[in-house]
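Asks: One structure, as structure tokens, below. Some questions next.
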Amino acid sequence: MKKLICIPLCLSLFFTSCNDEDSETVIPAVSEIDADMRGDWTNTSVKRIYYSDTDTVMYADSVKRQAYFNFNGQRMTVTLPGSSDKDVWTYSFPDKNDSTFIQLHQDTVTTNYTVTALSDTAMVWVEERPWAGFPEEVPDEDKTTSRVGVYTWRFVRGK
């Protein structure tokens, strides 16, 4: 009789202790853009244009990049080639009337972008920074200030 009780008890423990810890909760998409951008992307370049108070171009440059981005519906994880370090941000589409507006959050930092193009293979984001300084690579005290810096981020699908 004890054997008959032990078998169902062991089976119930077996089935309750098994779970799939590798699976993550799927976050429902809030827009078509949100659904389409999920997965792996490579940021290939950033174009920077700085405008004066009179809307003339003060300075422009572009940088080739290779940074890997993964979007999972809530988190954006960024890694660089040859590095195991991960830069993790949360992202959201806070404006229900504008599905192209994406907001990134990390600790106390919030940045805003507009998704200007998205296909199966390519994506483009634009960020505007008021009173941005240039050139980007010099110390802050050596930068010239613009009325606005417009940054265009280009991505391709996959790693």
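Asks: With region 50-159 as the region, which strands (runs of 3 or more DSSP E) entirely inside it contain at least 3 residues that are in contact (Cβ under 8 Å) with a residue 24 or more places away in the chain, among the aliphatic types (A, V, I, L, M) and closer than 25 Å to residue 26 by Cα?
Replies: Those strands (runs of 3 or more DSSP E) span 122-130.
Asks: Within region 58-72, track down each residue that is more than 18 Å from residue 158 (Cβ to Cβ) and in contact with a Ser or Thr (Cβ under 9 Å, 6 or more places away or on another chain).
Replies: Answer for region 58-72, where residues must be more than 18 Å from residue 158 (Cβ to Cβ) and in contact with a Ser or Thr (Cβ under 9 Å, 6 or more places away or on another chain): 58, 59, 62, 63.
Asks: Still on this model: Does region 128-153 hold any residues that are surrounded by 18 or more Cβ atoms within 10 Å (Cβ to Cβ) and among the charged types (D, E, K, R), and which are they?
Replies: Result: no residue meets the conditions.
Asks: Residue check: is residue 34 assigned to a helix (DSSP H, G or I), out of contact with any Pro (no Cβ under 6 Å at 6 or more places or on another chain) and either modelled with pLDDT of 90 or more or closer than 30 Å to residue 97 by Cα (or both)?
Replies: When the stated conditions are applied, residue 34 passes them.
The values are calculated or read from the model by the stated rules, or taken from the named source; none is laboratory data. Predicted model, so just to flag it, every value in this text is computed and none were measured. Positions of Cβ are generated from backbone atoms using ideal geometry, with glycine treated the same way; all protein chains shown enter the neighbour counts.
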